[in-house]
Amino acid sequence: MVRHALLVLASVLAATGACASSEAPNPAGRPAVPEGFSLVTIAHVPNVRELAVAPNGDLLAGTLGREIVVLADAQGTPHPPATFVRADDAPASGIALASDALYVGTQFGVWKVPYRTGDRKARESLKRIASIRPSGIASDHHTTSLALDGEQLYASVGSSCDACDPELDATRATVQEMGLDGNGMHPKAIHIRNAIALAIDPATHVLWAGVAGQDELVNGHPYEIFDPVGAHAGTVDYGWPHCYENRRAVKPGADCTHQIVPRVVFPAYETPIGAAFYPLHPTGRFAFPPAYRGAAFVTLHGSWHQPLVPPRVVFVPLDGDNPRKPVDWGDPHVQWRDFLSGFQASDGGRIGRPTGIAVGTDGSLFVADDSAGAIYRIRPTR
(Lines give C-alpha, C1' and ligand atoms only; values in the text may rest on other atoms or scores of the structure.)
Protein backbone atom coordinates (compact mmCIF):
# COMPACT_ATOMS: atom_id res chain seq x y z
CA MET A 1 0.00 0.00 0.00
CA VAL A 2 2.72 2.42 -0.99
CA ARG A 3 1.48 5.50 -2.80
CA HIS A 4 3.02 7.55 -5.58
CA ALA A 5 5.66 9.25 -3.42
CA LEU A 6 7.22 5.94 -2.51
CA LEU A 7 6.92 4.61 -6.05
CA VAL A 8 9.01 7.58 -7.12
CA LEU A 9 11.55 6.65 -4.47
CA ALA A 10 11.54 3.07 -5.72
CA SER A 11 12.38 4.19 -9.23
CA VAL A 12 15.32 6.16 -7.86
CA LEU A 13 16.47 3.12 -5.91
CA ALA A 14 16.35 1.02 -9.05
CA ALA A 15 18.46 3.57 -10.90
CA THR A 16 21.09 4.03 -8.19
CA GLY A 17 21.11 0.65 -6.47
CA ALA A 18 20.85 2.36 -3.04
CA CYS A 19 18.35 4.02 -0.75
CA ALA A 20 17.66 7.59 -1.81
CA SER A 21 16.29 10.86 -0.51
CA SER A 22 13.60 13.07 -2.00
CA GLU A 23 12.94 16.76 -1.48
CA ALA A 24 9.60 16.76 -3.31
CA PRO A 25 6.48 17.07 -1.14
CA ASN A 26 4.33 13.96 -1.01
CA PRO A 27 1.49 14.12 -3.55
CA ALA A 28 -2.21 13.43 -2.95
CA GLY A 29 -2.73 10.47 -0.63
CA ARG A 30 0.15 11.47 1.63
CA PRO A 31 -0.10 11.88 5.39
CA ALA A 32 -1.65 15.24 6.21
CA VAL A 33 -0.10 17.98 8.37
CA PRO A 34 -1.96 21.01 9.76
CA GLU A 35 -2.21 24.20 7.75
CA GLY A 36 1.02 26.16 8.04
CA PHE A 37 3.28 23.07 7.87
CA SER A 38 4.94 21.16 5.06
CA LEU A 39 5.92 17.50 4.87
CA VAL A 40 8.56 15.96 2.62
CA THR A 41 9.78 12.40 2.35
CA ILE A 42 13.55 12.58 2.82
CA ALA A 43 14.49 8.89 2.80
CA HIS A 44 13.39 5.34 2.22
CA VAL A 45 14.48 2.95 4.99
CA PRO A 46 12.66 -0.38 5.14
CA ASN A 47 11.18 -1.24 8.56
CA VAL A 48 12.47 1.98 10.14
CA ARG A 49 11.74 2.46 13.85
CA GLU A 50 13.34 4.76 16.45
CA LEU A 51 15.15 7.97 15.47
CA ALA A 52 17.91 10.09 17.03
CA VAL A 53 19.28 13.43 15.79
CA ALA A 54 22.99 14.24 16.11
CA PRO A 55 24.14 17.80 16.94
CA ASN A 56 25.20 18.39 13.32
CA GLY A 57 21.81 17.39 11.92
CA ASP A 58 22.63 13.81 10.93
CA LEU A 59 19.83 11.35 11.65
CA LEU A 60 20.31 7.82 13.00
CA ALA A 61 17.57 5.22 12.75
CA GLY A 62 16.94 1.80 14.22
CA THR A 63 15.15 -0.88 12.20
CA LEU A 64 13.29 -4.14 12.63
CA GLY A 65 16.32 -5.87 11.14
CA ARG A 66 19.93 -5.83 12.36
CA GLU A 67 20.97 -2.50 10.86
CA ILE A 68 21.32 0.95 12.37
CA VAL A 69 21.14 3.46 9.54
CA VAL A 70 22.63 6.97 9.26
CA LEU A 71 21.05 9.69 7.13
CA ALA A 72 23.71 12.38 6.82
CA ASP A 73 22.64 16.03 6.69
CA ALA A 74 18.98 15.19 7.28
CA GLN A 75 18.31 18.85 8.10
CA GLY A 76 19.86 20.04 4.84
CA THR A 77 20.14 18.00 1.67
CA PRO A 78 19.96 14.43 2.94
CA HIS A 79 22.48 11.88 1.69
CA PRO A 80 21.29 8.39 0.74
CA PRO A 81 20.85 6.31 3.90
CA ALA A 82 23.79 4.05 4.75
CA THR A 83 24.45 1.34 7.30
CA PHE A 84 26.15 2.81 10.38
CA VAL A 85 26.54 -0.44 12.31
CA ARG A 86 25.09 -3.93 12.24
CA ALA A 87 23.97 -5.76 15.37
CA ASP A 88 24.35 -9.49 16.09
CA ASP A 89 20.73 -9.58 17.25
CA ALA A 90 17.43 -8.36 15.86
CA PRO A 91 15.37 -6.28 15.89
CA ALA A 92 17.83 -3.41 16.40
CA SER A 93 14.97 -0.97 16.77
CA GLY A 94 15.90 1.01 19.90
CA ILE A 95 18.52 3.75 19.80
CA ALA A 96 19.74 6.56 22.05
CA LEU A 97 22.55 9.00 21.36
CA ALA A 98 25.02 10.40 23.90
CA SER A 99 27.88 12.83 23.28
CA ASP A 100 30.38 10.02 22.86
CA ALA A 101 28.35 6.86 22.26
CA LEU A 102 25.41 5.35 20.45
CA TYR A 103 23.23 2.88 22.38
CA VAL A 104 21.20 0.18 20.64
CA GLY A 105 18.39 -1.96 22.02
CA THR A 106 17.79 -5.41 20.52
CA GLN A 107 15.61 -8.31 21.58
CA PHE A 108 18.14 -9.80 23.99
CA GLY A 109 20.53 -7.00 24.80
CA VAL A 110 21.50 -3.37 25.21
CA TRP A 111 24.60 -2.42 23.24
CA LYS A 112 27.07 0.47 23.04
CA VAL A 113 29.44 1.74 20.37
CA PRO A 114 31.68 4.86 20.39
CA TYR A 115 30.27 7.80 18.43
CA ARG A 116 31.50 11.24 17.50
CA THR A 117 29.36 13.86 15.79
CA GLY A 118 29.85 13.47 12.08
CA ASP A 119 30.63 9.74 12.13
CA ARG A 120 29.09 8.01 9.13
CA LYS A 121 30.25 4.53 10.10
CA ALA A 122 30.86 2.96 13.49
CA ARG A 123 34.44 3.04 14.72
CA GLU A 124 34.06 -0.35 16.44
CA SER A 125 31.64 -3.24 16.68
CA LEU A 126 28.75 -3.00 19.09
CA LYS A 127 29.53 -4.13 22.65
CA ARG A 128 26.80 -5.68 24.78
CA ILE A 129 26.50 -3.86 28.11
CA ALA A 130 23.32 -5.50 29.47
CA SER A 131 21.36 -8.69 28.87
CA ILE A 132 17.57 -8.69 28.80
CA ARG A 133 15.02 -11.45 28.24
CA PRO A 134 17.65 -13.89 29.63
CA SER A 135 15.43 -16.91 28.96
CA GLY A 136 16.45 -16.48 25.32
CA ILE A 137 12.92 -17.29 24.21
CA ALA A 138 11.70 -15.18 21.29
CA SER A 139 8.12 -14.16 21.93
CA ASP A 140 5.62 -11.31 21.74
CA HIS A 141 6.81 -7.72 22.16
CA HIS A 142 10.38 -8.34 21.09
CA THR A 143 11.49 -4.74 20.47
CA THR A 144 13.51 -2.85 23.09
CA SER A 145 13.17 0.94 23.25
CA LEU A 146 15.81 3.19 24.81
CA ALA A 147 15.95 6.65 26.39
CA LEU A 148 18.94 8.49 27.81
CA ASP A 149 19.29 11.33 30.32
CA GLY A 150 22.67 12.31 31.70
CA GLU A 151 24.21 9.27 33.36
CA GLN A 152 21.03 7.17 33.26
CA LEU A 153 19.96 4.86 30.46
CA TYR A 154 16.49 3.33 30.28
CA ALA A 155 15.35 0.24 28.37
CA SER A 156 11.78 -0.97 28.01
CA VAL A 157 11.26 -4.71 27.80
CA GLY A 158 7.81 -5.82 26.67
CA SER A 159 5.87 -8.75 28.07
CA SER A 160 6.13 -12.22 26.54
CA CYS A 161 2.37 -12.48 26.02
CA ASP A 162 -0.87 -10.56 26.17
CA ALA A 163 -1.69 -11.25 29.82
CA CYS A 164 0.46 -13.74 31.71
CA ASP A 165 1.57 -14.11 35.31
CA PRO A 166 4.20 -15.16 36.13
CA GLU A 167 6.44 -13.92 33.32
CA LEU A 168 9.26 -15.81 31.60
CA ASP A 169 11.85 -13.72 33.45
CA ALA A 170 12.10 -10.66 35.69
CA THR A 171 13.08 -8.22 32.92
CA ARG A 172 9.84 -8.65 30.97
CA ALA A 173 7.01 -6.15 31.27
CA THR A 174 9.40 -3.62 32.82
CA VAL A 175 11.35 -0.46 32.18
CA GLN A 176 14.93 -1.06 33.29
CA GLU A 177 17.24 1.71 34.55
CA MET A 178 21.04 1.40 34.36
CA GLY A 179 24.27 3.35 34.14
CA LEU A 180 25.93 4.19 30.84
CA ASP A 181 27.99 1.01 30.92
CA GLY A 182 25.02 -1.15 31.87
CA ASN A 183 25.99 -1.20 35.54
CA GLY A 184 23.41 -1.33 38.30
CA MET A 185 20.50 -2.40 36.10
CA HIS A 186 17.23 -2.48 38.04
CA PRO A 187 13.53 -1.98 37.28
CA LYS A 188 12.18 1.57 37.29
CA ALA A 189 8.72 0.36 36.26
CA ILE A 190 7.07 -3.04 36.63
CA HIS A 191 3.83 -4.65 35.47
CA ILE A 192 3.95 -2.42 32.39
CA ARG A 193 2.88 -4.52 29.41
CA ASN A 194 4.75 -2.91 26.53
CA ALA A 195 6.26 0.55 27.05
CA ILE A 196 7.37 1.00 23.45
CA ALA A 197 7.42 4.81 23.46
CA LEU A 198 10.20 6.03 25.78
CA ALA A 199 11.29 9.68 25.89
CA ILE A 200 12.94 12.19 28.21
CA ASP A 201 11.38 15.63 28.61
CA PRO A 202 14.40 17.95 28.24
CA ALA A 203 12.68 20.66 30.29
CA THR A 204 12.14 18.52 33.40
CA HIS A 205 14.53 15.58 32.73
CA VAL A 206 11.68 13.19 33.46
CA LEU A 207 11.26 9.85 31.69
CA TRP A 208 7.87 9.29 30.02
CA ALA A 209 6.50 6.02 28.65
CA GLY A 210 3.76 5.34 26.13
CA VAL A 211 2.30 1.90 26.79
CA ALA A 212 0.25 -0.54 24.72
CA GLY A 213 -2.38 -2.23 26.88
CA GLN A 214 -3.67 -5.79 26.87
CA ASP A 215 -6.38 -7.28 24.67
CA GLU A 216 -9.69 -9.00 25.32
CA LEU A 217 -11.06 -6.67 27.97
CA VAL A 218 -14.34 -4.72 27.80
CA ASN A 219 -14.82 -3.27 24.31
CA GLY A 220 -12.89 0.00 23.95
CA HIS A 221 -10.62 -0.75 26.92
CA PRO A 222 -8.01 -0.55 28.22
CA TYR A 223 -7.06 2.95 27.16
CA GLU A 224 -3.47 3.23 26.02
CA ILE A 225 -1.43 5.30 28.46
CA PHE A 226 1.34 7.92 28.43
CA ASP A 227 2.80 8.66 31.83
CA PRO A 228 5.82 10.40 33.44
CA VAL A 229 7.44 7.31 34.94
CA GLY A 230 10.30 9.37 36.33
CA ALA A 231 7.96 11.70 38.22
CA HIS A 232 7.03 8.84 40.56
CA ALA A 233 9.34 7.78 43.37
CA GLY A 234 10.84 4.32 43.57
CA THR A 235 9.79 1.41 41.40
CA VAL A 236 6.53 2.27 39.69
CA ASP A 237 3.78 -0.37 39.45
CA TYR A 238 1.40 -0.06 36.47
CA GLY A 239 -0.76 -3.04 37.44
CA TRP A 240 -0.65 -5.27 34.35
CA PRO A 241 -2.13 -7.86 33.89
CA HIS A 242 -4.50 -7.57 36.85
CA CYS A 243 -5.31 -3.84 36.86
CA TYR A 244 -5.75 -1.06 34.31
CA GLU A 245 -6.78 2.58 33.81
CA ASN A 246 -8.11 4.18 37.03
CA ARG A 247 -7.28 1.16 39.23
CA ARG A 248 -9.88 -1.01 37.55
CA ALA A 249 -9.56 -4.73 38.30
CA VAL A 250 -9.48 -7.18 35.41
CA LYS A 251 -11.12 -9.78 37.66
CA PRO A 252 -12.90 -9.43 40.99
CA GLY A 253 -10.57 -9.62 43.96
CA ALA A 254 -7.50 -8.08 42.34
CA ASP A 255 -5.73 -5.56 44.60
CA CYS A 256 -5.14 -2.40 42.55
CA THR A 257 -4.37 0.00 45.39
CA HIS A 258 -0.67 0.19 44.49
CA GLN A 259 -1.20 0.77 40.77
CA ILE A 260 -0.09 4.18 39.46
CA VAL A 261 -2.93 6.01 37.71
CA PRO A 262 -1.68 7.36 34.35
CA ARG A 263 -1.81 11.07 33.56
CA VAL A 264 -2.54 10.83 29.81
CA VAL A 265 -4.66 8.31 27.90
CA PHE A 266 -5.37 7.47 24.27
CA PRO A 267 -8.11 5.24 22.81
CA ALA A 268 -7.70 1.50 23.11
CA TYR A 269 -5.42 -0.24 20.59
CA GLU A 270 -3.81 2.98 19.30
CA THR A 271 -0.36 1.49 20.18
CA PRO A 272 2.09 4.27 21.12
CA ILE A 273 5.42 3.56 19.41
CA GLY A 274 7.48 6.75 19.74
CA ALA A 275 7.49 10.02 21.66
CA ALA A 276 9.43 13.28 21.55
CA PHE A 277 9.15 16.55 23.46
CA TYR A 278 9.28 19.83 21.58
CA PRO A 279 11.64 22.34 23.27
CA LEU A 280 10.13 25.16 25.28
CA HIS A 281 12.61 27.62 23.78
CA PRO A 282 13.63 26.42 20.31
CA THR A 283 16.26 28.48 18.52
CA GLY A 284 16.40 26.85 15.08
CA ARG A 285 15.18 28.51 11.90
CA PHE A 286 12.32 25.98 11.65
CA ALA A 287 11.00 26.39 15.19
CA PHE A 288 7.36 25.41 15.58
CA PRO A 289 4.79 28.01 16.69
CA PRO A 290 4.37 28.62 20.45
CA ALA A 291 1.30 26.37 20.73
CA TYR A 292 3.51 23.31 20.17
CA ARG A 293 6.39 24.21 22.46
CA GLY A 294 6.80 22.09 25.56
CA ALA A 295 4.26 19.59 24.17
CA ALA A 296 4.79 15.88 23.66
CA PHE A 297 4.44 14.40 20.18
CA VAL A 298 3.43 10.73 20.24
CA THR A 299 3.30 8.35 17.29
CA LEU A 300 0.32 6.00 17.38
CA HIS A 301 0.80 2.93 15.20
CA GLY A 302 -2.89 2.08 14.91
CA SER A 303 -4.51 -1.25 15.60
CA TRP A 304 -4.86 -4.63 14.01
CA HIS A 305 -8.21 -5.03 15.77
CA GLN A 306 -11.48 -4.56 13.92
CA PRO A 307 -12.67 -1.94 13.36
CA LEU A 308 -9.20 -0.59 12.62
CA VAL A 309 -8.06 2.33 14.78
CA PRO A 310 -6.18 4.77 12.50
CA PRO A 311 -2.45 5.44 12.77
CA ARG A 312 -1.51 9.07 13.52
CA VAL A 313 0.85 11.41 15.30
CA VAL A 314 -0.71 13.46 18.07
CA PHE A 315 0.53 16.23 20.31
CA VAL A 316 -0.24 16.52 24.01
CA PRO A 317 -0.02 20.04 25.53
CA LEU A 318 1.79 19.89 28.88
CA ASP A 319 2.54 22.09 31.86
CA GLY A 320 5.69 20.51 33.21
CA ASP A 321 4.98 16.89 34.03
CA ASN A 322 1.21 17.27 33.82
CA PRO A 323 -1.13 17.45 30.83
CA ARG A 324 -3.01 20.73 30.50
CA LYS A 325 -6.23 18.76 30.58
CA PRO A 326 -6.73 15.97 33.13
CA VAL A 327 -7.84 12.48 32.14
CA ASP A 328 -11.52 12.12 31.31
CA TRP A 329 -12.21 8.47 32.08
CA GLY A 330 -15.29 8.61 29.86
CA ASP A 331 -13.52 10.06 26.82
CA PRO A 332 -9.89 9.24 25.89
CA HIS A 333 -9.78 11.97 23.18
CA VAL A 334 -9.76 15.17 25.23
CA GLN A 335 -6.07 15.53 26.17
CA TRP A 336 -4.50 15.58 22.72
CA ARG A 337 -4.96 16.70 19.13
CA ASP A 338 -4.07 15.15 15.80
CA PHE A 339 -0.93 16.53 14.20
CA LEU A 340 -0.04 14.07 11.42
CA SER A 341 -2.99 12.08 10.07
CA GLY A 342 -4.40 10.65 6.85
CA PHE A 343 -2.64 7.29 7.08
CA GLN A 344 -5.90 5.35 6.82
CA ALA A 345 -8.47 5.53 4.01
CA SER A 346 -12.20 5.20 4.48
CA ASP A 347 -12.04 1.64 3.12
CA GLY A 348 -9.57 0.68 5.84
CA GLY A 349 -6.52 0.67 3.58
CA ARG A 350 -3.37 2.31 4.95
CA ILE A 351 -0.54 4.26 3.36
CA GLY A 352 1.71 3.98 6.40
CA ARG A 353 2.12 3.60 10.17
CA PRO A 354 4.28 6.08 12.14
CA THR A 355 6.94 4.77 14.52
CA GLY A 356 10.01 6.79 15.58
CA ILE A 357 9.98 10.56 16.09
CA ALA A 358 12.66 13.14 16.89
CA VAL A 359 13.15 16.91 16.98
CA GLY A 360 16.03 18.33 14.96
CA THR A 361 18.47 20.97 16.18
CA ASP A 362 16.95 23.38 13.63
CA GLY A 363 13.39 22.78 14.91
CA SER A 364 12.35 20.26 12.25
CA LEU A 365 10.25 17.26 13.28
CA PHE A 366 11.27 13.87 11.87
CA VAL A 367 8.81 10.96 11.75
CA ALA A 368 9.58 7.36 10.76
CA ASP A 369 7.06 5.07 9.08
CA ASP A 370 7.83 1.35 9.19
CA SER A 371 4.96 0.32 6.95
CA ALA A 372 5.79 2.69 4.08
CA GLY A 373 9.52 2.45 4.82
CA ALA A 374 9.82 6.23 4.87
CA ILE A 375 11.22 9.08 6.94
CA TYR A 376 9.30 12.37 6.83
CA ARG A 377 10.55 15.84 7.69
CA ILE A 378 7.99 18.39 8.88
CA ARG A 379 8.54 22.15 9.08
CA PRO A 380 6.43 25.27 9.47
CA THR A 381 5.92 27.21 6.25
CA ARG A 382 5.78 30.63 7.89
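The values are calculated or read from the model by the stated rules, or taken from the named source; none is laboratory data. Because the structure is predicted, anything quoted here is derived from the model rather than measured. Because the Cβ atoms are built from the backbone with ideal geometry, glycine has one as well, and the counts that use them run over all protein chains shown. The area values use the complete protein model at the heavy-atom level, side chains included, leaving out ligands, DNA and RNA. Shrake-Rupley method; radii C 1.70, N 1.55, O 1.52, S 1.80 Å.
Candidate cross-link partners of K127 among the aspartates and glutamates, defined by an alpha-carbon separation under 15 Å and a same-chain spacing of 8 or more, comprise E67, D88, D89, D100, D181. Our summary gives the chain a relative contact order of 16 percent, counting only alpha carbon pairs under 8 angstrom and 6 or more residues apart.
Taking every alpha-carbon pair in segment 54-147 and binning the separations at 5 Å intervals from zero gives 3, 14, 26, 24, 16, 9, 5, 2, 0 percent.
Over the chain, dividing the summed -39,500 (n - 2.57) contributions of all DSSP H runs of at least 4 residues by the number of residues returns a 222 nm mean residue ellipticity of -1000 deg cm²/dmol.
Residues whose amide H lies under 5 Å from that of V236, counting only those 5 or more places away or on a different chain, are A189, I190; hydrogens are built 1.01 Å from N in the peptide plane.
In the frame of its principal axes, the chain has Cα extents of 62, 46, 38 Å, reported largest first. Each 5 Å bin from zero holds the following percent of Cα-Cα pairs in segment 87-129: 6, 25, 34, 23, 10, 2. Using the alpha carbons alone, the radius of gyration of segment 265-315 stands to its Kirkwood radius in an Rg to Rh ratio of 1.12. The amide H of L198, built 1.01 Å from its N in the peptide plane, has G210, A275 as neighbours under 5 Å, considering only residues 5 or more places off or on other chains.
Here's how it looks for L102: its modeled amide H is under 5 Å from those of V113, Y115, which are all 5 or more places away or on a different chain. Heavy atoms of the protein chains alone define the surface here; on that basis the chain has 40 Å² accessible area per residue at 1.4 Å probe size. Nearest 0.05, what FRET efficiency do R285 and A203 give at R0 = 25 Å with Cβ-Cβ as r? Given R0 = 25 Å and the Cβ-Cβ separation, E is 0.75.
Roughly how many percent of the accessible protein surface of segment 38-172 is carbon and sulfur, given a 1.4 Å probe and a whole-percent answer?
Roughly 48 percent, rounded to a whole number.
If R0 is 30 Å, the Cβ-Cβ spacing of D347 and D89 corresponds to a FRET efficiency of close to 0.20. Computing FRET efficiency as 1/(1 + (r/R0)^6) for A249 and V334, where r is the C-beta to C-beta distance and R0 is 30 Å, gives about 0.75. Placing a label point 7 Å from the Cα of A163 along the Cα-to-Cβ direction, the residues of segment 215-247 whose backbone N falls under 17 Å from that point are 215-225, 238-247. Cα extents for segment 340-382 along the principal axes, largest to smallest and rounded to whole angstrom: 37, 23, 10. Taking a ≥ b ≥ c as the square roots of the eigenvalues of the Cα gyration tensor, segment 255-348 is oblate, since a/c reaches 1.5 or more and a/b is not larger than b/c.
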